[in-house]
Amino acid sequence: MARYIVAVVGRPNVGKSTLVNRITQTQDAIVHQMRGVTRDRSYHQADWNGFDFTLVDTGGIEAGNDDKFQQSIRSQALEAAHESDVVIFVVDETTGVTSDDEDAARIIKRAGVPVILAVNKVDNPQRSDAIYEFYQLGLGDPLPISALHGTGTGDLLDLVVDKLKQVPKDETEEDTNAINIAVIGRPNAGKSSLVNKLSGQTRSIVSDVAGTTRDAIDTLVTHGETTYRLVDTAGLRRKSQIDQSVEYYGFVRALRAIDRAQVAVLVIDGTVGVTSEDQRVAGYAKDRGCALVLVLNKWDVVEGAEKKGEVRDQVEDRLGFVKYAPVVAISALTGKNVERLWDQIDVVFASYNRRVTTNKLNTWLSDIRDFGHSVSKGKRILKLRYATQTGTCPPQITFFANHPELVNDNYKRYLENSLRENFDFTGTPLRMKFKQEA
């Protein structure tokens, strides 16, 4: 059955993200006193008394603001309301009804979905009579809550579930087997443009300002017969270069997205080339065991074959530690060659799940022994007796040896290169363990 969607909307700084965190019992939504911290729609899983639903945190709806993102934020919030089954409209009891509340209420009413009016920051129950002025918004009975302390949130969720039970749902099964893809990279490399092109919808705000995407945004996409879950993340940069604390939280969110991804798509700005930040991002993906595809974006504006050759040489030189990852040159803006990316994602995901039989591994190991390359120390000579695959996602090969402590980095690289030459592990890291033979 398709999952229910509940949108949390309202003007800036009324406590929407705090309420999302309270309901989901996480710290996934960024909470900060700076106005406009939540810009895109971010999606969070929640349940109440066994009733599952998806909670959507949105940017603040605000009129007459000179923030260059404000028009995008308004349209994102309105789109979230349109796609939702129930809207929680959050207002601030400490400020009373504002003109922005009235404007936002008019916008939400146009969505034509059930609305629950939650009056936040009612920390003193004896002052709950102050909520009555919010009747003038025309959104029904106001419900006093404190997202910070949890007061009234149980009543709010009871009401949410009651309204959701009245919403007719189709019987389409939600695909829980979607391939998780984290779209990662430095700020302003074109990640949001790529996600929008892949998904065929404007889901993330696209801007030329570095750091626009602060939350990780999930988008389900079906291509062919396969369902993919795209996660557009905040641009990763060195911690020392993150000036605002809110950007740091987005940085943490991006790492969490990599943690739950099966495939990472590293977007590199082709007009800039491979930087130290790109190297670090690739390292994050490798360390966390993700399959990896390298994307050279903005390739249509890289001038001349010589410049393009220089960028490809940089990929080979500076990203040699992930040389197993295929490289796709695209233009996310125009869509050129983006279709090729789907093929490479399927290839690396298959490698990520690949299992090689023990018989084939030991036939290969026999050839390794016959070749005679090994390591030694004093009178001790390393001998690999047996190999078996002990895991997938990513693949893990365990070797049993007489002196496993003799294995050094050079020998590990030798074994990995040989494994890749003999078996198709395109795009996936390999894990190798060495144990004492019984």
Phi to ³J(HN,Hα) by Karplus 6.51 cos²θ - 1.76 cosθ + 1.60 over the stretch 422-437, Hz, x for Gly, Pro: 9, 10, 7, 10, 4, x, 10, x, 10, 9, 10, 10, 10, 10, 6, 5
Cβ-derived FRET efficiency at R0 35 Å, GLU306 paired with ARG260, nearest 0.05: 0.30
Using θ = phi - 60° and Karplus 6.51 cos²θ - 1.76 cosθ + 1.60, couplings along the stretch 329-345 (whole Hz; Gly, Pro as x): 9, 9, 10, 5, 5, 8, x, 5, 6, 4, 4, 5, 5, 4, 4, 5, 4
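With the full set of protein chains in place, find how many percent of the accessible area of the stretch 275-387 is carbon and sulfur; take the probe as 1.4 Å. Walk me through the numbers on the way to the answer.
Numbers: 2920 of 6180 Å².
Of the solvent-accessible surface of the stretch 275-387, carbon and sulfur hold 47 percent.
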Estimated distance in nm for a label pair at ARG110 and GLN45, the labels positioned 7 Å out from Cα along Cα-to-Cβ: 3.5
Cα→Cβ-extended label distance, 7 Å offset, between THR388 and ARG340, nm: 4.2
Extension reserve of the GLN396-GLU421 stretch, reckoned as 0.36 nm per residue once the Cα distance is removed: 7.4 nm
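For the ranges 340-349, 312-321, 377-386, what's the packing order if you count other beta-carbon atoms within 10 Å of each residue, average per peptide, and put the highest first?
Working: 340-349: 19.0, 312-321: 14.3, 377-386: 12.7.
Descending mean neighbour count gives 340-349, 312-321, 377-386.
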Paramagnetic reach from ALA350 (point 7 Å along Cα→Cβ, amide N under 20 Å) across the stretch 393-421: 393-396, 419-421
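Any of LYS191/LYS336; LYS16/LYS165; LYS121/LYS165 with alpha carbons more than 20 Å apart? Name them for me.
Correct reply: LYS16/LYS165; LYS121/LYS165.
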Backbone HN-Hα couplings from phi across the stretch 383-389 [Karplus 6.51/-1.76/1.60, Hz, Gly and Pro as x]: 10, 8, 8, 7, 9, 8, 7
Paramagnetic label zone (point 7 Å from Cα along Cα-to-C-beta, LEU148; backbone N under 17 Å) in the stretch 91-130: 91-96, 119-128
Built amide H within the under 5 Å cut-off of ILE116, gap 5+: VAL87, ILE88, PHE89
Amide proton proximity set for ILE397, modelled H, under 5 Å, gap of 5+: THR390, ARG431, MET432, LYS433
Nonlocal amide H pairs with ILE184, under 5 Å, H built at 1.01 Å: VAL265, LEU266, VAL267
Rough spin-label spacing in nm, given labels placed 7 Å along Cα→Cβ, for LYS323 and ARG380: 3.0
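The values are calculated or read from the model by the stated rules, or taken from the named source; none is laboratory data. Since the structure is predicted, the reported quantities are computational estimates derived from the model, not experimental observations. Please note: Cβ atoms are built from the backbone with ideal geometry, for glycine as well, and neighbour counts cover all protein chains shown. Heads up: the accessible areas ignore ligands, DNA and RNA and are worked out on the full protein's heavy atoms, side chains in. Shrake-Rupley method; radii C 1.70, N 1.55, O 1.52, S 1.80 Å.
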